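The values are calculated or read from the model by the stated rules, or taken from the named source; none is laboratory data. Bear in mind that the values here come from a model prediction, so they are computed numbers and not experimental data. We place every Cβ from the backbone using ideal geometry, glycine too, and count neighbours over all the protein chains shown.
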């Protein structure tokens, strides 16, 4: 197995750790979840770059990479729902999952015919936007937690922001 595919598998292995850190309420757990999510997101960038630069693009990687991305982002979104974070987050998760199921269905139909459909530019841009939004959300909640712990008066003044 080549390095890009190993990075993709690493991202999949990091996903349960992300969810654990997000849901386990210890001090500054959002920052810990952010670190894991950011590192996992970095593997997404690296695996694609390495595969293209070194000519290591495989059908296995084209198939597995989007699944790893979906696992990572969906785990974070499910964690946000479980924690009751944000207004309408359940709707965001619903529409995100509906789109993912539709795209996955098309890919499975193509795979049944022996065709592997790799992510296009729009799919990659969507993933970057999702990952960025998740990291900003984790940072915001981590910052709110840190302020509540270390500067309670400042946290009380900005409590309505989140």
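Yes/no per residue for (1) touching a residue at least 12 places away in the same chain (Cβ under 8 Å); (2) under 30 Å from residue 146 (Cα atoms):
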| site | (1), (2) |
| --- | --- |
| 23 | yes, yes |
| 43 | yes, yes |
| 49 | no, no |
| 52 | no, no |
| 60 | yes, no |
| 63 | yes, no |
| 77 | yes, yes |
| 83 | yes, yes |
| 87 | no, yes |
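From the residues in segment 82-100 that are more than 20 Å from residue 68 (Cα to Cα) and assigned to a helix (DSSP H, G or I), which one is modelled with the highest pLDDT? Result: 82. Only one of the listed residues (116, 103) is part of a helix (DSSP H, G or I) and either modelled with pLDDT under 95 or surrounded by fewer than 14 Cβ atoms within 10 Å (Cβ to Cβ) (or both). That residue is 103.
Within segment 118-139, being over 16 Å from the mean Cα position of the chain (by Cα) and either over 14 Å from residue 67 (Cα atoms) or without any contact (Cβ under 8 Å) to a residue 24 or more places away in the chain (or both) holds for 120, 121, 122. Residues of segment 53-62 that are in contact with a helix residue (DSSP H, G or I) (Cβ under 7 Å, 6 or more places away or on another chain) and either at positive phi or assigned to a helix (DSSP H, G or I) (or both): 60, 61. Restricting attention to segment 1-27, the residues that are closer than 20 Å to residue 140 by Cβ and surrounded by fewer than 16 Cβ atoms within 10 Å (Cβ to Cβ) total 5.
Taking the criterion of being at pLDDT 85 or above and either crowded, with 16+ Cβ neighbours inside 10 Å or more than 19 Å from residue 32 (Cα to Cα) (or both), the residues of segment 123-139 that qualify are 125, 126, 127, 128, 129, 130, 131, 134, 135, 137, 138. Given (1) closer than 16 Å to residue 82 by Cβ; (2) at pLDDT 95 or above, where does residue 40 come up short, assuming only one miss? With (1) closer than 16 Å to residue 82 by Cβ; (2) at pLDDT 95 or above applied to residue 40, the lone miss is (1).
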